[in-house]
Amino acid sequence: MKKKILTTLIIFLLTPILSSCWDQNEMTDLAFIMGLGIDKGKNKKYEVSFQIILPRNVTSGEGGNVTQGPPITVVKSPGDTLTEASRNAHKLVGRQLYYAHANLVVVSDKVAKDKNLLLGFFDALSRDPDFRRTAQIVIAQKVKAEDILSALSITEQMPVNKITKQIEISEKVLGKTIKVDIDNFLDGIISDEKEPIATGYIVKGKKNLIGTPKSIENSRISANVMANGLAVFRQGKLVGWMDGDKTRGVNWLSNKMKNTELSLDWEGKKNVINFVPLRSRSSTSVRFMNKKPIFQVSIKTEGWISEANAPIDLENPNELTKIAEIAGEFIKKDILQTVHEAQKLKSDIFGFGEKVHRKNPKLWKELKGNWNEHFAESDVTVKVEVYVRRGGVRTNPFWVDLKK
């Protein structure tokens, strides 16, 4: 009986301790970080920008209070490490920096080109329990990371959300950007089989207005940020960029193509047909000849004709077959120019090395020490199968009737 009473008493005394939050912080003591910008410093290695939410300037939803100013502020802090810069920022902010809502890291191209600087802050990002490893990483091209982080948006209260949504929408609709988070990027850094990439961002318009209300106060935005190509890395540093349609080839080869549009020529006329792939599958196999890898890329896609500005008989199966062949050649050209660009940069961003490793582990031991050089000399062939499933709401374009 005494033992039961003693046990009950101990549980009663411990309950208040066990139910409390030992590391609890009041919201009024926290500065909520939405994004980080990492630039090359002058007296210190880094100049780190912290995008902080200003709760008093954020509307509470439809019918909420009108904002009295920008919803965010950007604070800069120097440091030889990310931890030092973060602690220095506390002096400026006067609150505990809270990273659980951070979903974007912007790195300047100057930092990205320096291997020591680029790798010098990743351990802090991957070690901090509050920081999301799912936060996206982008590279500021020919501008400071601070500029990208400071840009205001007319469509999103939180400017960082505009950038992350831009990447997702562009990847889904155009196939010309790729969502890369901290974990994805680090996997590429430490892998022998694949190099990392990241979406590039530029400032379009009047750079001096970035971060000011004047940049968005008119219907014609005077300063804006936008995605621009892919940053290509090799052995821990930025070595080049892929622009335009070359970026689309990366999505084809990575089996991440969700949607895009192809402007096809028809009977000597440029950009007459718009073909939209809706479902795509890609795979890559490898064989060897005298220890030299030869890669075979296979693409299967089906889609519909979103535009036809010529008198094309879309009820004729032969015409549809012809369109499919033209689209197949278009995709093949897209992919090969992407491969050749990556080979010029000597960066296996497609993970071809992983195919070699799985197919021939013994040969991989010989090649992996200098894999990017071997990748640059590898032969790559592409086979594309296209199926034109439908042509939108109407069958033949009105051009057929005009021709009659």
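The values are calculated or read from the model by the stated rules, or taken from the named source; none is laboratory data. These figures come from a predicted structure and were not determined experimentally. As a convention, Cβ positions derive from the backbone with ideal geometry for all residues, glycine included, and neighbour counts pool all protein chains shown. Note: areas computed on protein heavy atoms with side chains; ligands, DNA, RNA excluded. Shrake-Rupley method; radii C 1.70, N 1.55, O 1.52, S 1.80 Å.
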Within region 330-344, is even one residue of a type in the set (Lys, Arg) and more than 19 Å from ASP379 (Cβ to Cβ)? no
Which members of region 330-384 meet the condition of being touching a Ser or Thr at 6+ places or on another chain (Cβ under 8 Å), in a helix (DSSP H, G or I) and within 23 Å of LEU264 (Cα to Cα)? ILE331, THR338
Looking for whichever is at pLDDT 90 or above, at negative phi and open to solvent by less than 20 Å² (accessible area, probe 1.4 Å) here; the options are TRP266, TRP252. Which one fits? TRP252
Residue among LEU186, LEU174, LEU209 that is among the aliphatic types (A, V, I, L, M), at pLDDT 90 or above and on the phi < 0 side of the Ramachandran plot: LEU186
Residue in region 26-50 that is modelled with the lowest pLDDT, counting only those that are crowded, with 24+ Cβ neighbours inside 10 Å and closer than 15 Å to ALA100 by Cα: ILE33
So how many residues does region 328-368 have that are open to solvent by 40 Å² or more (accessible area, probe 1.4 Å) and over 29 Å from PRO277 (Cα atoms)? 10
Could you give every pair whose Cβ atoms fall below 7 Å, whose first residue belongs to region 160-183 and is closer than 19 Å to PRO277 by Cβ, and whose second residue is assigned to a helix (DSSP H, G or I) and among the basic types (Lys, Arg), counting only separations of at least 6 or pairs across chains? GLY175/ARG248; LYS176/ARG248
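Could you identify the single residue in GLU315, GLU325 that is part of a loop (DSSP other than H, G, I, E, B) and either farther than 30 Å from ASP192 by Cα or open to solvent by 50 Å² or more (accessible area, probe 1.4 Å) (or both)?
Details: GLU325 fails: part of a loop (DSSP other than H, G, I, E, B).
Within the list GLU315, GLU325, the selection yields GLU315.
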Here is a list: VAL286, VAL276, VAL297, VAL272. Which entry is in a strand (DSSP E or B), surrounded by fewer than 21 Cβ atoms within 10 Å (Cβ to Cβ), β-branched (Val, Ile, Thr) and touching a Lys or Arg at 6+ places or on another chain (Cβ under 9 Å)? VAL286
